[in-house]
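First comes the structure, then the notes that go with it.
The values are calculated or read from the model by the stated rules, or taken from the named source; none is laboratory data. This structure is a prediction, so every number in the text was calculated from the model and none was measured. Positions of Cβ are backbone-derived with ideal geometry, glycine not excepted, and every protein chain shown enters the neighbour counts.
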Amino acid sequence: MSWIKRHLITFAAIAVLIYMLVPNVIVAAFSFNDPKGKYNYNFNEFSTAAWTNPCGAQGICESLGLSLQIGVIASLAATALGTMIAFALGRYRFRGRSATNLLIFMPMATPEVVMGSSLLTLFLMLGVPSGRTAILIAHIMFCVSFVVVAVKARVATLDPKLEEAAADLGANPTQTFMRVTLPLAAPGIAAGALLAFSLSFDDYIITNFNASPSSITFPMYVWGASARGVPVQVYVIGTVMFLLALIVVMTGQLISSRRNRQVA
Amino acid sequence: MSEQSKGDLSLVALTKSFATFTAVHPLDLTIPQGSFFALLGPSGCGKTTTLRMIAGLEEPTGGRIRIGDSDITETKAYQRNVNTVFQSYALFPHMSVLDNVMFGLRRRGDKDAKAKANEVLELVQLGQVANKKPTQLSGGMQQRVALARALVNRPDVLLLDEPLGALDLKLRRQMQIELKRIQQEVGLTFIHVTHDQEEAMTMADSIAVMNAGRMEQLGDPATLYEQPRSTFVANFLGQSNLLRARVNPGGTDEMVTVRAHDVDLEVSREHLPDGVGDVWLGVRPEKLRLGESGGPNHLRGIVRDVSFSGVATQYSVEMPWGQELIVIQQNDGSNRATLGEAVTVSWAAQHGFALDASQDAEAGAELVDDHG
Amino acid sequence: MAEAAVLSTGSAAPPSRRRRNWVPYALLLPGILWLLIFFVLPMVTLASQSLQEGNVDDGYVFTANFSIYLDALKQYWPQFVRSFVYAGIATGLALLLGYPLAYFIAQKAGRHKNLVLVLVIAPFFTSFLIRTLAWRTILSDDWFITTWAQNLHITDFLQAVGLTDNDSLLNSQFAVIMGLTYNFLPFMILPLYTSLERLDPRLIEAAGDLYASPWQTFRKVTWPLSLPGVVAGTLLTFIPAAGDFINARLLGNTQTTMIGSVIDSQFLRVLDYPLAAALSFILLVLIVAMVSVYVRRAGTEELL
């Protein structure tokens, strides 16, 4: 009994983790289903049909491609913009600092439905057509703040003495940035970029306000399909993305820990 | 850049002011090429600001900095042939020890960077850890990497900002000797910033004592200790007993008498500043003797505290007017006094020094920390 | 840029040597401009849209029609209230569930720390729509969870308190709140983890050493020190949950419609732009008001 009491937090943590992962397990399991009707809600019969033909459902791979494309462009742009803001906030004292902080915080404190709809009113007034460009603009906008937070956390831990040391040893400002500052901030920038990609890739609500019939992202495809029956391929892609994310992050961890061990 | 003419480092009216206070008042100082120089003072005295101005990391508000004939006041930190060993070492955590040491050479496109770096790592006895990351090394080793990283560039001036502050006492002693050895071996100008008076005296050829943004006194360690010119220096470098006294008229060319609390005391004329009447008469605790063997100056008092530390015994002797004098007696086999005993304290005329009485007798005393 | 010039003259240093003052502004410029044009400006056009009258085909004219706000509130206040109640409950549950896991990752996971952290983040990459659909399977009547809940009379209890309408779990308030909790739990866990990771474990030992029971240690040491994470986590959970409509549509019924759903359909299906804009603006104002009161009460103004 006391053993249970001592490990209470561990048990609670594991239970919560299971709660968080059960849907992924279900998604993986149902990717091997051969559903009876049009809804893939009940397990009928084991089948690898969807795995051997992941693009079998009409439009699914086009939407996936569009989502990946938007995700990459939006996360790169948001990472560039956000990293610059994070450096300004983390490295310089300047007037307008708290206003900047507020402006960075606001998009995170605004419901997506408000951001999506307000952007729609802007585009309506300016005559900007819905579609890929509109979606990109929106995604970059809501990703920037998250990148700023991730990079700023890292920049804050950097010792300014290291940059002074580089200058002292003859590195000009560009060399100092490329050889000292950037490599040291890289983990934060990578985390920010990954977060931005996942937010962009997964967004439905804001995208929906700015999409056109010719720009159906993957979440929009899933949403559309949920009404008329979700093809099993959606579950396949969901599982692959989950595993891919696990592999990417784990490899990153492995590389950095091996690099540390090598020199030991 | 390595062809830059070398020579003495001179600071001319070097000043640094911030919005609300002045960190360094106009400072004039010449540091001879090849010397081991210490800037000594309590924290906030302006010594680190001075160092950072020499390094180019802080822009002076006024004045010039020259090395030999060339004026480097306007040059950027990365253009100066001056390198720093930082207090926290500031080693690049993402680079190996070797890459850290090669960093400066690489910036100048030195083809022999690797060979030179390895050579310097041998000099600081770190050849075997060249491929490790700095975080895997002990504090003492990191300190030597920081030194090697600066040394390898053969700077005109090498700056050391409290380089031993993070090390424990034993390692610090060891590194003091090693730093001195390396400096003599490479023959570069070293400027060492420290708040530790013992460290400064052990290592430096000459010391500038700084206080509140001004230089109090400049000299070699022995002169500073034996003939402090201010109560701040007297208290900050070691301990001093300061007696309020008035100079008696007359005296000889060698000797003057002063009257302190109705007792006449002798002091060498050369240890008395010109034209002062009221003075603080100072004597170092180890110059005082219990008994009358110390010299012609005698004071009587009662032992109020005895603390034995092995190599010496420290007494606190209360004078009739309430002041307590510190006496340090070497453990040389002479008789030890006991608590409450009435004793005579004596010293020789040449062991005293007189300071202008307009100064605060406590200046600098509270700033001395005990890890020195 | 003009601001930078003003700043430089205020200092004692020669102006020519202070020219690097423009650097932070140059770094900020592109990103801030982006946010001003595509985040702040839309708020203005949103407010302006709400005060216009007309229709999609003939266009709109600005009429300062403030009465639309009254109409919107009169008509849709139940959806507003519902959204905030659901989001509030989900936030509370997420805090309750997220805290032990965040604490575990930060203080107890040891060398498995990164693995567990990855497991918390990785589900993001499977579209949340798919994962929410998976809950339809988990909570469906044919699945063992509903059967167990029925056997243990949990369904009876849920029905009694009004969270479900019958003895199934799906298509109910219960399912919507559960879905919201599930979907925004990572937004709770990550900030909590960040502040709990900074917690020096020796403080907990010290509290124990000074006769604090585990519960007292939590109340007096751990909880106060994790407050910044709690504030950030609750905001990052509550705000998106209040505007969400995916969970309500996929897991709920016609009685669980949230305000986000109304805004979405007014904008994109009914095409009543002024009403939709008014609803959206009301939501924004209510959230900003709640957040600023909450942040001030919690005493952590510096959230970033």
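Scoring residue A:248 on the criteria (1) closer than 30 Å to residue C:271 by Cβ; (2) in the same structural domain as residue A:36 (by TED's automatic domain parsing); (3) not hydroxyl-bearing (Ser, Thr, Tyr) leaves a single failure, condition (1). Scan region B:247-303 for residues that are of a type in the set (Ser, Thr, Tyr) and within 30 Å of the chain's Cα centre (by Cα) and the total you get is 1.
So for region C:120-137 (the condition being touching an Asp or Glu at 6+ places or on another chain (Cβ under 8 Å), among the β-branched types (Val, Ile, Thr) and either without any contact (Cβ under 8 Å) to a residue 24 or more places away in the chain or farther than 30 Å from residue A:253 by Cα (or both)), does at least one residue qualify? No, region C:120-137 has no match at all.
With C:262, C:293 as the choices, which residue is in a helix (DSSP H, G or I), more than 10 Å from chain A (Cβ to nearest Cβ) and among the β-branched types (Val, Ile, Thr)? Before you say what the answer is, go through the steps one by one.
Values: C:262 fails: more than 10 Å from chain A (Cβ to nearest Cβ).
After ruling out the rest, the residue left standing is C:293.
What helices (runs of 4 or more DSSP H), lying completely within region A:127-239, carry at least 2 residues that are in contact (Cβ under 8 Å) with a residue 40 or more places away in the chain? Here the list reads A:132-157, A:182-202, A:205-210, A:218-228. For region A:158-184, the set of residues classified as surrounded by 19 or more Cβ atoms within 10 Å (Cβ to Cβ), of a type outside the set (A, V, I, L, M, F, W, C) and either in contact with a Gly (Cβ under 6 Å, 6 or more places away or on another chain) or within 7 Å of another protein chain (Cβ to nearest Cβ) (or both) consists of A:164, A:168, A:170, listed by residue number. The listed residues are B:268, B:240, and the only one of them that is touching a helix residue (DSSP H, G or I) at 6+ places or on another chain (Cβ under 6 Å) and buried (at least 18 other Cβ atoms within 10 Å of the Cβ) turns out to be B:240.
Here's the yes/no breakdown for (1) touching a helix residue (DSSP H, G or I) at 6+ places or on another chain (Cβ under 9 Å); (2) over 30 Å from residue B:93 (Cβ atoms):
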residue	(1), (2)
A:141	yes, yes
A:193	yes, no
A:205	yes, yes
A:218	yes, yes
A:228	no, yes
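Would it be correct to say that residue C:86 is in contact (Cβ under 8 Å) with a residue 12 or more places away in the chain, within 10 Å of chain A (Cβ to nearest Cβ) and surrounded by 21 or more Cβ atoms within 10 Å (Cβ to Cβ)? Spelling it out, it is not the case that residue C:86 is in contact (Cβ under 8 Å) with a residue 12 or more places away in the chain, within 10 Å of chain A (Cβ to nearest Cβ) and surrounded by 21 or more Cβ atoms within 10 Å (Cβ to Cβ). Of all residues in region C:124-144, those satisfying the criterion of being in a helix (DSSP H, G or I) and either modelled with pLDDT of 85 or more or more than 10 Å from chain A (Cβ to nearest Cβ) (or both) are C:128, C:129, C:130, C:131, C:132, C:133, C:134, C:135, C:136, C:137, C:138, C:144.
Which one of C:268, C:225 is over 13 Å from the mean Cα position of the chain (by Cα) and more than 9 Å from chain A (Cβ to nearest Cβ)?
On the way: C:268 fails: more than 9 Å from chain A (Cβ to nearest Cβ).
Answer to the check: C:225.
When the residues of region A:38-79 are filtered to those that are part of a helix (DSSP H, G or I) and free of Cβ contacts under 8 Å to residues at least 40 places away in the same chain, the one that is nearest to residue A:138 (Cα to Cα) is A:69. Just one of (1) buried (at least 20 other Cβ atoms within 10 Å of the Cβ); (2) at the interface with chain A (Cβ under 9 Å from one of its Cβ atoms) fails for residue C:119. It is (1). Selection over region C:160-206 of residues that are modelled with pLDDT of 85 or more and in a helix (DSSP H, G or I) gives a count of 28. Among the residues of region C:232-242, is any within 22 Å of residue A:208 (Cα to Cα) and among the small types (Gly, Ala, Ser)? There is at least one residue in region C:232-242 that is within 22 Å of residue A:208 (Cα to Cα) and among the small types (Gly, Ala, Ser).
For region C:174-194, residues that are touching a Gly at 6+ places or on another chain (Cβ under 7 Å) and more than 16 Å from residue C:237 (Cα to Cα) total 1. Each residue in region B:252-305 was checked for being assigned to a strand (DSSP E or B) and of a type outside the set (Ser, Thr, Tyr), and 27 pass. Considering A:75, A:98, the condition of being assigned by TED's automatic domain parsing to the domain that holds residue A:186 and out of contact with any helix residue (DSSP H, G or I) (no Cβ under 9 Å at 6 or more places or on another chain) is satisfied by A:98 alone. Taking every residue in region B:1-26 that is within 12 Å of residue B:63 (Cβ to Cβ) and pairing it with any residue that is at pLDDT below 85, at least 6 positions away or on another chain, the pairs with Cβ-Cβ distances below 8 Å are B:17/C:12. Would you confirm, using the coordinates I've provided, whether residue A:88 is without any contact (Cβ under 8 Å) to a residue 60 or more places away in the chain and either closer than 19 Å to residue A:185 by Cα or of a type in the set (Lys, Arg) (or both)? Considered against the rule, which asks whether it is without any contact (Cβ under 8 Å) to a residue 60 or more places away in the chain and either closer than 19 Å to residue A:185 by Cα or of a type in the set (Lys, Arg) (or both), residue A:88 comes out as yes. Residues in region A:143-157 that are surrounded by fewer than 18 Cβ atoms within 10 Å (Cβ to Cβ) and within 14 Å of chain B (Cβ to nearest Cβ): 1 in all. Here residue C:42 meets the list (1) of a type outside the set (A, V, I, L, M, F, W, C); (2) surrounded by 17 or more Cβ atoms within 10 Å (Cβ to Cβ); (3) over 16 Å from residue A:123 (Cβ atoms); (4) at pLDDT 90 or above almost entirely, failing just condition (3).
For region B:69-108, which positions are assigned to a helix (DSSP H, G or I), under 18 Å from residue B:58 (Cα atoms) and facing chain A (nearest Cβ under 7 Å)?
The initial filter retains those residues of region B:69-108 that are assigned to a helix (DSSP H, G or I), namely B:77-79, B:97-107.
Filter once more, so that each one left must be under 18 Å from residue B:58 (Cα atoms): B:77-79.
Passing the criteria: B:77, B:78.
Looking only at region A:1-37, which residues are without any contact (Cβ under 8 Å) to a residue 60 or more places away in the chain and within 23 Å of the chain's Cα centre (by Cα)? Of everything in region A:1-37, those that are without any contact (Cβ under 8 Å) to a residue 60 or more places away in the chain and within 23 Å of the chain's Cα centre (by Cα) turn out to be A:16, A:17, A:18, A:19, A:20, A:21, A:22, A:23, A:25, A:26. Of everything listed in (1) touching a residue at least 12 places away in the same chain (Cβ under 8 Å); (2) in a loop (DSSP other than H, G, I, E, B); (3) more than 8 Å from every other protein chain (Cβ to nearest Cβ), the single unmet condition for residue B:114 is (2).
Within region B:138-154, the set of residues being crowded, with 24+ Cβ neighbours inside 10 Å, more than 9 Å from every other protein chain (Cβ to nearest Cβ) and in a loop (DSSP other than H, G, I, E, B) comprises just one member, B:152.
Taking only region C:159-170 into account, find how many residues are farther than 17 Å from residue C:148 by Cα and out of contact with any Ser or Thr (no Cβ under 8 Å at 6 or more places or on another chain). Spell out how you get there, then give the answer.
Of region C:159-170, the ones farther than 17 Å from residue C:148 by Cα are C:160-163, C:165.
Still in the list and also out of contact with any Ser or Thr (no Cβ under 8 Å at 6 or more places or on another chain): C:160-162.
Going through region C:159-170 one residue at a time, the tally reaches 3.
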